[in-house]
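Accompanying notes for the structure given below.
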Amino acid sequence: MCVLEGPDLIDAALDAGAEFEGIYLDATRESPALRVLCETAEALGVRVFHLGAGVIEKISDAQTPQPILAAVRFVPRGLSDVSPRGCVVVLHDLRDPGNAGTVIRTADAAGASAVIFTGQSVDPYNPKTLRATAGSIFHVPLVLHESLSAVTTWFHEAGGTSVAAVVRGGVDHYDAPLGGDVMIVMGNESEGLSPDDVRSCSFSVSIAMSGDNESLNVAMATGLLLFESRRQRLSGGPGPTP
């Protein structure tokens, strides 16, 4: 079970056919748009509960809570439930919920096949991560798996290539072959991937930078690699677009 806060997430869940436990509306802040949303939900068989003033403020973790939230069930997926084709993103020991949600949202926009959380990564279904996904949580298959090595083995056995993102020393991301069945592995925000994690991948890739900053935010770096992979899939390989 996870908690969705705000009409946009709830609307995305309704469109995706998610299984709702219920929708909870602050009756003192009801608007025409929220009324329509609740009527749509009730027409689909979802229970809507009207709450008194101050109740949502007590149960929401947001500093300024939305007037509506919902409890939604989700079914955990395993590796056998997703395809090792196209571009798959692996987040290993990622800790920040905002980064995780942004990666899921970006993976959706770039057409990724799945996002896999490994190691001690943040829970992708916590409220902060869900808000950062802007609804993409319902569009991209997610997998939680303890072992990064098991995930890379699964992808390699299916014929794919795994790519470890490193700050420096890897193949320039414009030159790296990212257009086939590729798994992009991103590490922890402060420490990145361990040497063993990097060696478990087919090769490593780095994003060339001109400024003096040492590294990019992990969500930004993932986005650059995802869209370079998309560009290569559409153009036929690394190098400049024809």
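Among the small types (Gly, Ala, Ser), surrounded by fewer than 22 Cβ atoms within 10 Å (Cβ to Cβ), outside any loop (DSSP other than H, G, I, E, B) and in contact with a Gly (Cβ under 8 Å, 6 or more places away or on another chain): which single residue out of Ser149, Ser204 fits that description? Give the steps one after another, and end with the answer.
Working: Ser149 fails: in contact with a Gly (Cβ under 8 Å, 6 or more places away or on another chain).
On inspection, the qualifying residue turns out to be Ser204.
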Matching residues in region 138-153 - criterion: being in contact (Cβ under 8 Å) with a residue 40 or more places away in the chain and under 11 Å from the mean Cα position of the chain (by Cα) = Phe138, His139, Pro141, Leu142, Val143
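Could you list, in sequence order, all residues of region 207-242 that are β-branched (Val, Ile, Thr) and outside any loop (DSSP other than H, G, I, E, B)? Please lay out each step first, then the result.
We begin by selecting, within region 207-242, every residue β-branched (Val, Ile, Thr); these are 207, 218, 222, 241.
Within region 207-242, Val218, Thr222 meet the criteria.
Go through region 56-97 and count every residue that is acidic (Asp, Glu) and more than 30 Å from Val198 (Cα to Cα). Give the steps one after another, and end with the answer.
Step one: filter region 56-97 for residues acidic (Asp, Glu), giving 57, 61, 81, 93, 96.
Now drop any that are not more than 30 Å from Val198 (Cα to Cα), which leaves 57, 61.
The number of residues fulfilling the criteria is 2.
Results for (1) modelled with pLDDT under 95; (2) among the hydroxyl-bearing types (Ser, Thr, Tyr), shown as yes or no for each residue.
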| residue | (1), (2) |
| --- | --- |
| Ile104 | no, no |
| Ala107 | no, no |
| Ser121 | no, yes |
| Leu130 | yes, no |
| Glu146 | yes, no |
| Ala164 | no, no |
Being aliphatic (A, V, I, L, M) and in contact (Cβ under 8 Å) with a residue 40 or more places away in the chain is the filter; apply it to region 177-206 and report the residue that is farthest from Arg231 (Cα to Cα).
-> Leu193
When you go through (1) part of a loop (DSSP other than H, G, I, E, B); (2) touching a residue at least 40 places away in the same chain (Cβ under 8 Å); (3) in contact with a helix residue (DSSP H, G or I) (Cβ under 7 Å, 6 or more places away or on another chain) one by one for Val167, which number turns out not to apply?
-> (3)
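In region 1-51, which residue that is assigned to a loop (DSSP other than H, G, I, E, B) and among the aliphatic types (A, V, I, L, M) is nearest to Thr129 (Cα to Cα)?
The initial filter retains those residues of region 1-51 that are assigned to a loop (DSSP other than H, G, I, E, B), namely 1, 6, 16-18, 30-31, 44-47.
Next, from what is left, pick out any that are among the aliphatic types (A, V, I, L, M): 1, 16, 18, 44, 46.
On the way: Met1: 14, Ala16: 18, Ala18: 17, Leu44: 26, Val46: 24 Å.
This residue is Met1.
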Counting only residues that are more than 11 Å from the chain's Cα centre (by Cα) and outside any loop (DSSP other than H, G, I, E, B), region 107-130 contains a total of 4
Between a first residue in region 64-90 that is aliphatic (A, V, I, L, M) and a second residue that is assigned to a loop (DSSP other than H, G, I, E, B) and surrounded by 15 or more Cβ atoms within 10 Å (Cβ to Cβ), which pairs have beta carbons less than 6 Å apart while being 6 or more apart in sequence or on different chains?
-> Val72/Ala18; Val82/Pro141; Val88/Ser113; Val89/Ala112
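The values are calculated or read from the model by the stated rules, or taken from the named source; none is laboratory data. Predicted, not measured: the structure shown is a model, and the values here were computed from it. Note: ideal-geometry Cβ built from the backbone for every residue, glycine included; neighbour counts use all protein chains shown.
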